[in-house]
Amino acid sequence: MSIKNITGVNVIADSLIITICPDGYMRLTFEEFQHIPLVHLMSGLDEDNPALSQEGAVFAEMTGYTEWVSTSTPTISIGWDWTFQFSQAGQFYYKRSGKPRSNLMLVDEQQHDLGQMKSDSLIESVVDRIVWQTIVQDYISARYAS
Amino acid sequence: MYVVTGRQEDLPAGLYSKVANYRHKVFVERLGWQLQTFGNTEQDQFDRVDTVYIISRDAHGNISGCGRLLPTTQPYLLGDIFPQLLNGMPPPNSPDVWELSRFAAMDFNAKTSSIAAGQFSSPITIMLLQEAIAFAASQGAKRVITVSPIGVERLLKRTGFHAHRAGPPMVVDGHPIFACWIETNI
(Lines give C-alpha, C1' and ligand atoms only; values in the text may rest on other atoms or scores of the structure.)
Protein backbone atom coordinates (compact mmCIF):
# COMPACT_ATOMS: atom_id res chain seq x y z
CA MET A 1 0.00 0.00 0.00
CA SER A 2 1.46 3.36 -0.95
CA ILE A 3 0.68 5.17 2.28
CA LYS A 4 3.48 6.69 4.29
CA ASN A 5 3.30 7.21 7.99
CA ILE A 6 1.56 10.42 8.95
CA THR A 7 3.01 12.26 11.85
CA GLY A 8 1.82 15.06 14.05
CA VAL A 9 2.96 16.74 17.20
CA ASN A 10 0.88 16.46 20.33
CA VAL A 11 0.69 20.04 21.52
CA ILE A 12 0.18 19.00 25.11
CA ALA A 13 2.75 16.27 25.44
CA ASP A 14 4.89 18.45 23.20
CA SER A 15 7.88 16.20 22.89
CA LEU A 16 5.86 13.30 21.60
CA ILE A 17 5.58 12.56 17.90
CA ILE A 18 2.41 10.64 17.14
CA THR A 19 2.32 8.54 14.05
CA ILE A 20 -0.37 6.79 12.07
CA CYS A 21 0.98 3.60 10.59
CA PRO A 22 -0.09 2.36 7.16
CA ASP A 23 -2.37 -0.19 8.84
CA GLY A 24 -4.32 2.66 10.48
CA TYR A 25 -3.04 2.07 14.00
CA MET A 26 -1.36 4.70 16.07
CA ARG A 27 1.51 3.14 17.96
CA LEU A 28 2.66 4.34 21.35
CA THR A 29 4.24 2.86 24.42
CA PHE A 30 2.01 2.58 27.45
CA GLU A 31 4.15 5.18 29.17
CA GLU A 32 3.58 7.64 26.32
CA PHE A 33 -0.12 6.89 26.16
CA GLN A 34 -0.66 7.55 29.84
CA HIS A 35 0.51 11.14 29.42
CA ILE A 36 -1.89 12.02 26.63
CA PRO A 37 -5.03 13.79 27.83
CA LEU A 38 -8.31 12.50 26.48
CA VAL A 39 -11.37 14.67 26.07
CA HIS A 40 -14.98 13.76 25.58
CA LEU A 41 -16.21 13.77 21.97
CA MET A 42 -19.73 12.38 22.07
CA SER A 43 -21.96 9.93 23.85
CA GLY A 44 -25.29 8.39 23.02
CA LEU A 45 -27.84 5.76 23.75
CA ASP A 46 -27.72 2.57 21.76
CA GLU A 47 -30.08 3.07 18.86
CA ASP A 48 -30.63 -0.64 18.47
CA ASN A 49 -31.19 -1.74 22.04
CA PRO A 50 -33.94 -4.38 21.77
CA ALA A 51 -34.82 -3.96 25.43
CA LEU A 52 -35.93 -0.42 24.76
CA SER A 53 -38.05 -1.25 21.76
CA GLN A 54 -39.89 -4.36 22.85
CA GLU A 55 -43.46 -3.83 23.79
CA GLY A 56 -43.99 -4.10 27.50
CA ALA A 57 -40.29 -4.00 28.28
CA VAL A 58 -39.43 -2.85 31.75
CA PHE A 59 -37.10 0.12 31.68
CA ALA A 60 -34.54 -1.46 33.94
CA GLU A 61 -31.34 -0.88 32.06
CA MET A 62 -30.20 1.71 29.57
CA THR A 63 -27.14 1.15 27.40
CA GLY A 64 -25.01 3.46 25.34
CA TYR A 65 -21.57 4.43 24.16
CA THR A 66 -19.10 7.16 24.78
CA GLU A 67 -16.30 8.42 22.58
CA TRP A 68 -13.11 10.15 23.70
CA VAL A 69 -10.24 11.63 21.72
CA SER A 70 -6.83 13.14 22.15
CA THR A 71 -6.49 16.83 21.41
CA SER A 72 -3.63 16.15 19.03
CA THR A 73 -3.64 15.44 15.32
CA PRO A 74 -3.73 12.71 14.15
CA THR A 75 -6.25 11.81 16.77
CA ILE A 76 -6.28 8.96 19.23
CA SER A 77 -9.85 7.67 19.36
CA ILE A 78 -11.20 5.50 22.16
CA GLY A 79 -14.78 4.44 22.70
CA TRP A 80 -16.49 2.14 25.13
CA ASP A 81 -19.96 0.99 26.04
CA TRP A 82 -21.76 1.64 29.26
CA THR A 83 -24.86 0.56 31.09
CA PHE A 84 -26.96 2.77 33.28
CA GLN A 85 -28.12 0.71 36.17
CA PHE A 86 -30.09 1.02 39.33
CA SER A 87 -28.45 -0.39 42.41
CA GLN A 88 -30.34 -2.28 45.09
CA ALA A 89 -30.04 0.83 47.21
CA GLY A 90 -32.07 2.72 44.66
CA GLN A 91 -29.15 4.69 43.30
CA PHE A 92 -28.33 4.86 39.61
CA TYR A 93 -24.88 4.66 38.19
CA TYR A 94 -22.98 4.34 34.91
CA LYS A 95 -20.80 1.30 34.47
CA ARG A 96 -18.40 0.53 31.64
CA SER A 97 -19.27 -2.67 29.78
CA GLY A 98 -16.88 -4.50 27.49
CA LYS A 99 -13.38 -3.54 26.42
CA PRO A 100 -12.59 -0.10 25.02
CA ARG A 101 -12.24 0.12 21.24
CA SER A 102 -9.57 2.29 19.71
CA ASN A 103 -7.14 3.02 16.92
CA LEU A 104 -4.24 2.38 19.27
CA MET A 105 -1.74 -0.41 19.31
CA LEU A 106 0.55 -0.17 22.29
CA VAL A 107 4.14 -1.19 21.78
CA ASP A 108 7.07 -2.08 23.99
CA GLU A 109 10.29 -0.11 24.25
CA GLN A 110 11.59 -1.90 21.16
CA GLN A 111 8.48 -0.77 19.26
CA HIS A 112 7.10 -4.29 19.07
CA ASP A 113 3.33 -4.60 19.20
CA LEU A 114 1.99 -5.78 22.52
CA GLY A 115 -0.87 -7.44 20.68
CA GLN A 116 -4.54 -6.60 20.71
CA MET A 117 -5.48 -8.25 23.99
CA LYS A 118 -2.61 -6.81 26.01
CA SER A 119 -3.03 -3.44 24.38
CA ASP A 120 -6.75 -3.37 25.07
CA SER A 121 -6.22 -4.32 28.71
CA LEU A 122 -3.75 -1.48 29.24
CA ILE A 123 -6.03 1.00 27.50
CA GLU A 124 -8.79 -0.25 29.76
CA SER A 125 -6.70 0.57 32.82
CA VAL A 126 -6.29 4.15 31.60
CA VAL A 127 -9.96 4.50 30.73
CA ASP A 128 -10.89 3.41 34.22
CA ARG A 129 -8.89 6.28 35.66
CA ILE A 130 -11.02 8.78 33.76
CA VAL A 131 -13.96 10.17 35.69
CA TRP A 132 -16.22 9.89 32.68
CA GLN A 133 -19.55 9.10 34.30
CA THR A 134 -20.56 12.65 35.19
CA ILE A 135 -19.53 14.00 31.80
CA VAL A 136 -21.50 11.31 30.02
CA GLN A 137 -24.50 11.81 32.25
CA ASP A 138 -24.56 15.55 31.58
CA TYR A 139 -24.12 15.03 27.85
CA ILE A 140 -26.82 12.36 27.66
CA SER A 141 -29.20 14.48 29.71
CA ALA A 142 -28.69 17.46 27.42
CA ARG A 143 -28.84 15.45 24.20
CA TYR A 144 -32.02 13.54 24.99
CA ALA A 145 -33.75 16.10 27.16
CA SER A 146 -36.15 17.37 24.51
CA MET B 1 -30.39 -19.11 4.68
CA TYR B 2 -27.82 -18.79 1.94
CA VAL B 3 -25.61 -16.12 0.46
CA VAL B 4 -25.37 -14.94 -3.14
CA THR B 5 -22.27 -13.03 -4.16
CA GLY B 6 -21.60 -11.35 -7.47
CA ARG B 7 -21.70 -8.32 -9.70
CA GLN B 8 -25.04 -7.11 -11.07
CA GLU B 9 -24.65 -9.14 -14.24
CA ASP B 10 -23.89 -12.29 -12.21
CA LEU B 11 -26.94 -12.07 -9.98
CA PRO B 12 -30.17 -13.98 -10.68
CA ALA B 13 -32.66 -11.97 -12.74
CA GLY B 14 -34.42 -9.33 -10.68
CA LEU B 15 -32.28 -9.75 -7.59
CA TYR B 16 -30.41 -6.49 -7.94
CA SER B 17 -33.65 -4.47 -7.94
CA LYS B 18 -34.73 -6.40 -4.83
CA VAL B 19 -31.45 -5.45 -3.17
CA ALA B 20 -32.03 -1.80 -4.02
CA ASN B 21 -35.52 -2.07 -2.55
CA TYR B 22 -34.20 -3.85 0.57
CA ARG B 23 -31.63 -1.08 1.05
CA HIS B 24 -34.40 1.49 0.80
CA LYS B 25 -36.36 -0.33 3.51
CA VAL B 26 -33.37 -0.57 5.81
CA PHE B 27 -31.44 2.63 5.33
CA VAL B 28 -34.13 5.10 4.32
CA GLU B 29 -37.33 3.83 5.92
CA ARG B 30 -35.99 2.19 9.10
CA LEU B 31 -32.80 4.11 9.81
CA GLY B 32 -33.81 7.45 8.33
CA TRP B 33 -30.61 8.00 6.37
CA GLN B 34 -30.88 10.77 3.81
CA LEU B 35 -29.84 8.92 0.69
CA GLN B 36 -30.48 9.18 -3.01
CA THR B 37 -33.62 7.23 -3.87
CA PHE B 38 -35.50 6.23 -6.98
CA GLY B 39 -39.02 5.30 -6.00
CA ASN B 40 -38.69 2.52 -3.46
CA THR B 41 -35.09 1.79 -4.27
CA GLU B 42 -31.85 3.17 -2.93
CA GLN B 43 -28.73 3.30 -5.05
CA ASP B 44 -25.91 5.69 -5.71
CA GLN B 45 -22.93 6.32 -7.93
CA PHE B 46 -21.03 3.46 -6.35
CA ASP B 47 -23.51 0.89 -7.61
CA ARG B 48 -21.65 0.16 -10.82
CA VAL B 49 -21.00 -2.78 -13.07
CA ASP B 50 -17.87 -3.65 -11.09
CA THR B 51 -19.58 -3.43 -7.68
CA VAL B 52 -19.84 -6.76 -5.91
CA TYR B 53 -22.93 -7.54 -3.86
CA ILE B 54 -23.18 -9.96 -0.97
CA ILE B 55 -26.78 -10.92 -0.34
CA SER B 56 -28.28 -13.27 2.22
CA ARG B 57 -31.64 -14.84 1.43
CA ASP B 58 -33.99 -17.05 3.37
CA ALA B 59 -35.52 -20.28 2.09
CA HIS B 60 -38.25 -18.30 0.33
CA GLY B 61 -35.77 -16.05 -1.42
CA ASN B 62 -36.45 -13.04 0.77
CA ILE B 63 -33.44 -10.83 1.33
CA SER B 64 -32.30 -10.78 4.95
CA GLY B 65 -29.07 -8.86 4.57
CA CYS B 66 -26.70 -7.30 2.10
CA GLY B 67 -23.47 -5.43 1.58
CA ARG B 68 -21.43 -4.18 -1.30
CA LEU B 69 -17.75 -4.41 -2.05
CA LEU B 70 -15.69 -2.01 -4.07
CA PRO B 71 -12.00 -2.07 -4.92
CA THR B 72 -10.23 1.01 -3.62
CA THR B 73 -8.49 1.34 -6.96
CA GLN B 74 -11.78 2.74 -8.28
CA PRO B 75 -13.99 5.46 -6.75
CA TYR B 76 -15.55 4.33 -3.48
CA LEU B 77 -17.69 5.76 -0.70
CA LEU B 78 -15.06 6.41 1.95
CA GLY B 79 -12.55 7.84 -0.47
CA ASP B 80 -14.99 10.14 -2.24
CA ILE B 81 -17.49 11.12 0.45
CA PHE B 82 -16.00 10.47 3.89
CA PRO B 83 -12.20 10.76 3.66
CA GLN B 84 -12.23 12.76 6.90
CA LEU B 85 -13.00 9.53 8.75
CA LEU B 86 -9.47 8.33 8.02
CA ASN B 87 -7.88 10.57 10.65
CA GLY B 88 -5.63 12.32 8.16
CA MET B 89 -4.57 9.26 6.20
CA PRO B 90 -4.99 9.51 2.46
CA PRO B 91 -7.76 7.18 1.28
CA PRO B 92 -6.31 3.83 0.31
CA ASN B 93 -5.83 3.19 -3.36
CA SER B 94 -4.55 -0.34 -3.57
CA PRO B 95 -5.56 -3.82 -4.73
CA ASP B 96 -4.73 -4.86 -1.15
CA VAL B 97 -7.75 -2.96 0.19
CA TRP B 98 -11.44 -3.31 -0.66
CA GLU B 99 -14.29 -1.31 0.77
CA LEU B 100 -17.43 -2.76 2.34
CA SER B 101 -20.41 -0.40 2.50
CA ARG B 102 -24.22 -0.39 2.69
CA PHE B 103 -23.95 -3.30 5.05
CA ALA B 104 -27.12 -4.43 6.77
CA ALA B 105 -28.57 -7.61 8.21
CA MET B 106 -32.17 -6.92 9.07
CA ASP B 107 -34.55 -9.81 8.53
CA PHE B 108 -37.99 -8.38 7.86
CA ASN B 109 -39.48 -11.84 7.50
CA ALA B 110 -38.15 -13.46 10.65
CA LYS B 111 -40.76 -14.88 12.99
CA THR B 112 -38.82 -13.68 15.99
CA SER B 113 -38.34 -10.03 16.82
CA SER B 114 -35.02 -9.78 15.04
CA ILE B 115 -35.97 -6.45 13.50
CA ALA B 116 -35.98 -5.09 16.99
CA ALA B 117 -32.30 -6.03 17.14
CA GLY B 118 -31.71 -3.19 14.72
CA GLN B 119 -29.60 -3.06 11.63
CA PHE B 120 -27.66 -6.16 12.54
CA SER B 121 -29.08 -9.56 13.29
CA SER B 122 -26.04 -11.47 14.53
CA PRO B 123 -26.14 -14.81 12.66
CA ILE B 124 -26.81 -13.09 9.35
CA THR B 125 -24.24 -10.43 10.09
CA ILE B 126 -21.49 -12.92 10.80
CA MET B 127 -22.27 -14.96 7.70
CA LEU B 128 -22.38 -11.89 5.47
CA LEU B 129 -19.16 -10.50 6.91
CA GLN B 130 -17.39 -13.80 6.47
CA GLU B 131 -18.56 -14.04 2.87
CA ALA B 132 -17.63 -10.44 2.13
CA ILE B 133 -14.18 -10.79 3.62
CA ALA B 134 -13.60 -14.12 1.91
CA PHE B 135 -14.57 -12.64 -1.43
CA ALA B 136 -12.32 -9.62 -0.94
CA ALA B 137 -9.47 -11.93 0.05
CA SER B 138 -10.06 -14.02 -3.06
CA GLN B 139 -9.51 -10.84 -5.10
CA GLY B 140 -6.21 -10.19 -3.36
CA ALA B 141 -7.37 -7.96 -0.51
CA LYS B 142 -5.41 -8.12 2.71
CA ARG B 143 -7.76 -5.75 4.43
CA VAL B 144 -11.25 -4.35 4.12
CA ILE B 145 -12.17 -0.81 5.07
CA THR B 146 -15.74 0.00 5.92
CA VAL B 147 -17.83 3.08 6.63
CA SER B 148 -20.43 2.03 9.15
CA PRO B 149 -22.50 3.02 12.15
CA ILE B 150 -20.31 2.72 15.24
CA GLY B 151 -22.32 -0.27 16.46
CA VAL B 152 -20.55 -2.35 13.82
CA GLU B 153 -17.27 -2.07 15.69
CA ARG B 154 -18.80 -3.62 18.78
CA LEU B 155 -20.23 -6.42 16.72
CA LEU B 156 -16.95 -7.07 14.92
CA LYS B 157 -15.10 -7.30 18.21
CA ARG B 158 -17.66 -9.57 19.80
CA THR B 159 -17.68 -11.93 16.88
CA GLY B 160 -13.91 -12.31 16.72
CA PHE B 161 -13.01 -10.36 13.60
CA HIS B 162 -9.63 -8.64 13.59
CA ALA B 163 -10.81 -5.09 13.28
CA HIS B 164 -10.01 -1.64 14.57
CA ARG B 165 -11.22 1.87 13.95
CA ALA B 166 -9.34 4.21 11.65
CA GLY B 167 -10.14 7.31 13.67
CA PRO B 168 -12.84 9.09 15.64
CA PRO B 169 -16.48 8.79 14.61
CA MET B 170 -18.42 11.70 13.19
CA VAL B 171 -22.12 12.40 13.19
CA VAL B 172 -23.90 12.35 9.83
CA ASP B 173 -27.64 12.99 9.70
CA GLY B 174 -27.75 12.48 13.45
CA HIS B 175 -26.04 9.09 13.36
CA PRO B 176 -22.44 8.47 14.42
CA ILE B 177 -20.43 6.70 11.73
CA PHE B 178 -16.80 5.69 11.57
CA ALA B 179 -14.27 3.97 9.36
CA CYS B 180 -13.06 0.55 10.39
CA TRP B 181 -10.26 -1.69 9.18
CA ILE B 182 -10.95 -5.42 9.02
CA GLU B 183 -8.16 -7.90 8.41
CA THR B 184 -8.99 -10.59 5.85
CA ASN B 185 -6.91 -13.26 7.61
CA ILE B 186 -9.82 -14.51 9.72
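The values are calculated or read from the model by the stated rules, or taken from the named source; none is laboratory data. The model shown is predicted, which means the values in this text are computed figures rather than measured ones. Reconstructed Cβ throughout: ideal geometry from the backbone, glycine too, with neighbour counts over all protein chains shown. Only protein heavy atoms, including side chains, enter the accessible area calculation; ligands, DNA and RNA are left aside. Shrake-Rupley method; radii C 1.70, N 1.55, O 1.52, S 1.80 Å.
Of all the Cα-Cα pairs you can form in segment B:14-168, what percent are over 29 Å apart?
12 percent
Could you work out how far apart the two model spin labels at B:Asn21 and A:Ser87 are, taking each label as a point 7 Å from the Cα in the direction of the beta carbon, and quote it in nm?
Label-label distance for B:Asn21 and A:Ser87, simple model: 5.5 nm.
How much net charge surrounds B:Gly140 when only the other residues with a Cβ under 15 Å from the Cβ of B:Gly140 are counted, with Lys and Arg +1 and Asp and Glu -1?
With Lys, Arg at +1 and Asp, Glu at -1, the neighbours total -2.
Taking only protein heavy atoms into account and a 1.4 Å probe, give the accessible area per residue of the protein assembly as shown in Å².
Ligands and nucleic acids excluded, the figure is 45 Å² per residue.
Mean separation of Cα pairs under 8 Å and 6+ residues apart, divided by the residue count of chain B: what relative contact order is that in percent?
Result for chain B is 18 percent.
With +1 assigned to the C-beta of every Lys and Arg and -1 to the C-beta of every Asp and Glu, and no other charges, what is the dipole magnitude of chain B about the Cα centre in debye, to the nearest 20?
For this selection, approximately 420 debye.
Got a number for the accessible area of B:Arg30? Probe 1.4 Å, square angstrom, nearest 10.
Using a 1.4 Å probe on the heavy atoms, I get roughly 130 Å².
Multiply the residue gap between B:Val49 and B:Val171 by 0.36 nm, knock off their C-alpha separation, and tell me the result in nm, one decimal place.
40.9 nm
Which value, in debye to the nearest 20, describes the size of the charge dipole of the protein assembly as shown about its Cα centre when Lys and Arg Cβ atoms bear +1, Asp and Glu Cβ atoms bear -1, and nothing else is charged?
Using only the charged Cβ atoms, the result is roughly 380 debye.
Taking all pairs of distinct Cα atoms, average 1/r, flip it, and tell me the Kirkwood hydrodynamic radius of the protein assembly as shown in Å to one decimal place.
For the protein assembly as shown, the Kirkwood estimate is 20.9 Å.
Note down the net charge around A:Glu61, summing +1 for each Lys or Arg and -1 for each Asp or Glu among other residues with Cβ under 11 Å from its Cβ.
Combined, the nearby Lys, Arg, Asp and Glu give 0.
Just name one of A:Ser87, A:Ile140, A:Gly24: the one whose Cα is farthest towards the positive end of the charge dipole of segment A:21-143 (beta-carbon charges, Lys/Arg +1, Asp/Glu -1).
Sorting the options by dipole projection puts first A:Ser87.
Would you kindly find the accessible area of B:Ile124, with a 1.4 Å probe and non-protein molecules such as ligands, DNA and RNA excluded, rounding to the nearest 10 Å²?
10 Å²
Take the alpha-carbon centre of segment A:107-146, take the same for segment B:137-154, and report the distance between them in whole Å.
23 Å
Please compute the net charge surrounding B:Thr51, taking Lys and Arg as +1 and Asp and Glu as -1 over other residues with Cβ under 14 Å from its Cβ.
Combined, the nearby Lys, Arg, Asp and Glu give -3.
First obtain the Kirkwood hydrodynamic radius of segment A:21-143 from its Cα pairs, then insert it into the Stokes-Einstein equation at 4 °C and 1.567 mPa s, and state the resulting D in µm² per second as a whole number.
Value of D from the Cα-based Kirkwood radius: 81 µm²/s.
Tell me the accessible surface of A:His112 in square angstrom (1.4 angstrom probe, heavy atoms of protein chains only), to the nearest ten.
Near enough 110 Å² of accessible area.
Kyte-Doolittle cut-off 1.0, length cut-off 20 Å along the helix's own axis using Cα: show which whole DSSP H helices in chain B pass.
B:122-138
From the phi of every residue in segment B:82-87, what ³J(HN,Hα) in whole Hz does the Karplus formula 6.51 cos²θ - 1.76 cosθ + 1.60 yield, where θ is phi - 60° and glycine or proline is x?
In residue order, the calculated couplings are 10, x, 5, 6, 8, 6 Hz.
Chain pair A, B: how much accessible area is buried, both chains summed, with a 1.4 Å probe, in Å² to 100?
Between A and B, the summed buried area is about 2400 Å².
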